[in-house]
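Below is one structure, written out as structure tokens, with a few remarks after it.
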Amino acid sequence: MSNQPQSRNMSPRPPVSRHGGTPVRIKGEKLDFKIIKRIFTLVDKKYLFLMALVFVCIFITALTSIASANFTGVLIDDYITPMLKNKSTDFTELALMLVKMACVFLLGIVSAFCQQRLMVVISQGILREVRNRLFTHMQTLPISFFDRNSHGDIMSRYTNDTDTLRQMISQSVPQFVSSAVTIVATFTAMFAKSIPLTAVVVVCVVFMMMITGKVAGNSGKFFFKQQQSLGDVNGFIEEMITGQKVIKVFCHEDKTKKEFDEKNAELFENTFSANKFVNILGPINNNLGHLQYVILAITGCVLAVNSTVNGLTESSILFLELGGVVTFLQLSKSFTMPINQISQQLNSVVMAMAGAKRIFEVLDTESETDEGYVSLVNAKRSENGEITETPEHTGLWAWKHPHEDGTTTYTELQGEVRFFDVDFGYTEEKIVLHNISLYAEPGQKVAFVGATGAGKTTITNLINRFYDLADGKIRYDGININKIRKADLRRSLGIVLQDTNLFTGTVRDNIRYGNLNATDEEIIEAAKKANAHSFISRLPQGYDTMLTNNGANLSQGQRQLISIARAAVADPPVMILDEATSSIDTRTEALVQKGMDALMKGRTVFVIAHRLSTVMNSDVIMVLENGVIIERGTHEDLIAKKGKYYQLYTGAFELE
């Protein structure tokens, strides 16, 4: 190892994670029709036909409602009143009219039923598409996105925010369409029935709409805050559930409860502020509707009496019969009721806009970019030593280089990793690594030691390209890693982390996660290498034992052994072990170390460890401090130097 770090002037540089993206926050606290329009871009084309059927059903339902109001006036003026005047007892025509009314009502019932059933299919289908789109896009996001957002808040976008869309699509949209059809058709019928009474209705409705717009405008900003607070509460709950043992060990139940009360109180205040304006719209509009009804009844009776006394004909604008008054009163209810319903649905619309903003924040976050074009392929070596691609796995891997002239060359994957003057920081303000230069020859075991925060894990994160460099280069088998496709780069690396992650499924499935094409024999062989086979065989169902809740039914050491076996079955040329044995007791560590030595044989290995006993046999040990490599060499060399490593090894001061 050579090339000691040199000091250099650190100049300001752009944000480190260039592909991380900045969430696009959509401004606006009032009804934003751009947001509403974008919500409907989430609707899959296959639902458009069903939506058209829903609109047909809505149209039929609205017309039957208007027809029922007209039937009442017709019954009074054309059937009941003449029969009373003539003292007729022939109910034949009246019965036929009632049958017609029953058929119309039946048609309305059927159309309303079909509308509701179709909306269930449409709304749930759209939610499925939204969640699929969210999850698919989330898989493309860089690690920095998950660094910035709590898991609970991300989960809230899949549940609470998507549910606001469901309410809007399944309830508000049909209600708006139904109301629009009803308003237009009813207004036409009222205008044809009586122009003076229609003018009274228009004045009352304008007044109602002014009040609705004023109240709804005040509530919009609080709905967005409500969704943010809801995500914050969910994130806090998720964090507290995960850390229950720590909470109980340190007796922080009261403190946790107090923090939750504060967040819950904030959610209450935002929810209360959001709903207090909208919830008063119903009573206000209902009372205005009652007042309008009284005014129309008085005005209509005056017109009817005047028409009868003065003998007005239908040609007069003031002509109105008693049945017409009854019909108009029913039509006025059919006219104002949709307006009241629209005002009540504003709650769902504004809430859906708030939820949609948060969903679009995720969808608008830039995906992880990948300009790489070098891929990893199965290869074989011919008798003359030439490397060629093969579909079968031969144990030989090669980097496939396409060239501009159309030719392709292959380079054997050996596992050589070199850093050249690398600088990196998770944020622009604080650089974590300074001028890091190192190399690892194929088959070498390279160890990093140093205090927490020295930059050990950061180095391995850069090898994976979880983050991009601020400055410098990293070469893998002589290839700039920016030219290697990320999926192929990561496929060539096996990683065992300090924090194990086991998924719901069998032990066999969790080990196979490292190589989905692995056979049962290869899984067992990998478990034996990690010394996990013995305890797995003693489980109730052996390799078919189900694991749930991140392997809660296993000890921490057993979970780590499965994690090591998962890396072993991938059979990668380069291994990264980040505190891989930190959760294993000393006796188990000795067994695992033997398995790890067999696993590491012939591979380039990067080891991060606080237990110096696990890195003593490394080919080279690098000591980091504040993002700088201050010592490098073998265990014996560093002990002889009596520097920082010597102090760490002899316990002259605490590692941390």
Original post:
With θ set to phi - 60° and the Karplus curve 6.51 cos²θ - 1.76 cosθ + 1.60, what are the ³J(HN,Hα) couplings of segment 193-207 in order, to the nearest whole Hz, using x for Gly and Pro?
Top reply: 7, 7, 5, x, 5, 4, 4, 4, 4, 4, 4, 5, 5, 4, 4
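Calculated from DSSP H runs of 4 or more alone, at -39500 (n - 2.57) each and per residue, what is the 222 nm mean residue ellipticity of the chain, nearest 500?
Working: 22 runs with 357 residues, N = 656.
After summing the helix terms and dividing by the residues of the chain, the value is -18000 deg cm²/dmol.
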Original post:
Using a 1.4 angstrom probe with every protein chain in place, what is the largest-first accessible-area order of Asp161, Asp499?
Top reply: Asp499, Asp161
Subject >> Per principal axis, descending, Cα span of segment 47-86 in whole Å >> reply: 56, 9, 6
Original post:
So which lysines can Lys483 reach, going by Cα to Cα under 19 Å and dropping same-chain residues fewer than 8 places off?
Top reply: Lys400, Lys473
**OP:** Show the residues, 5+ positions off or on another chain, whose built amide H is closer than 5 Å to the amide H of Ala398.
**Re:** Val377, Ala379, Leu413
**OP:** Any chance you could list P(r) for segment 113-155, counting all Cα-Cα pairs in 10 angstrom bins from zero, rounded to whole %?
**Re:** 23, 36, 21, 15, 4
**OP:** Could you estimate the translational diffusion coefficient of segment 75-212 from the Stokes-Einstein equation, with Rh from the Kirkwood formula over C-alpha pairs, at 4 °C and 1.567 mPa s, in whole µm²/s?
**Re:** 63
**OP:** Once you have the Cα-Cα distance between Glu636 and Phe49, take 0.36 nm times their residue separation minus that, and quote the gain in nm to one decimal.
**Re:** 203.7 nm
Original post:
Between Glu371 and Phe146, 0.36 nm times their residue separation minus their Cα-Cα distance comes to what?
Top reply: 78.8 nm
Subject >> For Arg508, solvent-accessible area (1.4 Å; no DNA, RNA or ligand), Å² >> reply: 40
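Listed highest first by mean packing, meaning other Cβ atoms within 10 Å per residue, what order do 140-149, 380-389 come in?
The packing order, highest mean first, is 140-149, 380-389.
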Subject >> Stokes-Einstein D (µm²/s) once Rh is taken as the Kirkwood radius of segment 452-549 over alpha-carbon pairs, at 4 °C in 1.567 mPa s >> reply: 81
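Here is the link list: Lys225/Lys276; Lys193/Lys333; Lys34/Lys225; Lys357/Lys430; Lys34/Lys357. Which ones come out longer than 22 Å on Cα distance?
Numbers: Lys225/Lys276 14 Å; Lys193/Lys333 15 Å; Lys34/Lys225 20 Å; Lys357/Lys430 31 Å; Lys34/Lys357 11 Å.
In this structure, Lys357/Lys430 exceed 22 Å between Cα atoms.
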**OP:** Per residue of segment 478-490, in order, report the coupling 6.51 cos²θ - 1.76 cosθ + 1.60 (Karplus, θ = phi - 60°) as ³J(HN,Hα) in whole Hz, putting x for Gly and Pro.
**Re:** x, 9, 4, 5, 5, 8, 8, 4, 4, 4, 6, 4, 6
Subject >> Principal semi-axes in Å for segment 125-192 [√(5λ), Cα gyration tensor, largest first] >> reply: 41, 11, 9
**OP:** Express in Å², to the nearest 10, the accessible area of Cys204 obtained by rolling a 1.4 Å probe over the protein heavy atoms while all chains stay in place.
**Re:** 30
Subject >> Debye intensity ratio I(q)/I(0), log10, the chain, q values 0.07, 0.09, 0.10 Å⁻¹ (C-alpha model) >> reply: -0.68, -0.91, -1.04
Original post:
Mean shadow of segment 343-396, computed from the convex hull of its alpha carbons, in nm²?
Top reply: 7.1
Subject >> ³J(HN,Hα) computed for each position of segment 289-299 - Karplus, 6.51 cos²θ - 1.76 cosθ + 1.60, integer Hz, glycine/proline x >> reply: x, 5, 4, 4, 4, 5, 4, 5, 4, 5, 5
Subject >> 5 angstrom amide H check on Met575, placed H, neighbours 5+ away >> reply: Gly494, Thr604, Val605, Phe606
Original post:
Given a 1.4 Å probe and the protein chains all in place, what does the accessible area of Leu106 round to, in Å² to the nearest 10?
Top reply: 100
**OP:** Taking just the C-alpha trace of segment 391-461, give me its Rg and Dmax in Å.
**Re:** 17.2, 49
Original post:
segment 79-140: D in µm²/s via Stokes-Einstein (Kirkwood Rh, Cα pairs, 4 °C, 1.567 mPa s)?
Top reply: 80
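Which value results for Rg/Rh of segment 344-437 when Rg is the Cα radius of gyration and Rh the Kirkwood radius based on the inverse mean 1/r?
Result: Rg/Rh = 1.28.
The values are calculated or read from the model by the stated rules, or taken from the named source; none is laboratory data. Note that the coordinates shown come from a computational prediction; the quantities given were computed from them, not determined experimentally. Methodologically, a virtual Cβ is constructed for each residue, glycine included, from the backbone with ideal geometry; neighbour enumeration extends over all protein chains shown. Surface accessibility is based on the protein's heavy atoms, side chains included, excluding ligands, DNA and RNA. Shrake-Rupley method; radii C 1.70, N 1.55, O 1.52, S 1.80 Å.
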